[in-house]
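Single-structure report; data block below.
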Amino acid sequence: MTKILAIDDEEKILFIIKTALQKEGYEVTTVSNSDTLSQNDYLKYDLI
């Protein structure tokens, strides 16, 4: 399964993105602040 990381500071936007992509069969993780992620965290995803 394709893993996607969505980053946005607006929770409503993240909800819309996550809902739409999950309906298409993607595994979606959302974060509102990219500072909380390390460089290794980014390697876990196919699309950011």
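Data overview
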read-out: Residue, surrounded by the fewest Cβ atoms within 10 Å (Cβ to Cβ), within the stretch 3-34, restricted to residues that are of a type in the set (Asp, Glu) and closer than 15 Å to Asp46 by Cβ; value: Glu24
read-out: Test for Gln39: is it surrounded by fewer than 15 Cβ atoms within 10 Å (Cβ to Cβ) and either of a type in the set (Phe, Trp, Tyr) or at pLDDT 95 or above (or both); value: no
read-out: Members of the stretch 18-48 that are under 17 Å from Met1 (Cβ atoms), without any contact (Cβ under 8 Å) to a residue 24 or more places away in the chain and not in a loop (DSSP other than H, G, I, E, B); value: Lys18, Thr19, Ala20, Leu21, Gln22, Lys23
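The values are calculated or read from the model by the stated rules, or taken from the named source; none is laboratory data. Not measured: the values here are computed from a predicted model. Cβ sites come from the backbone with ideal geometry, for glycine too, and all protein chains shown count toward neighbours.
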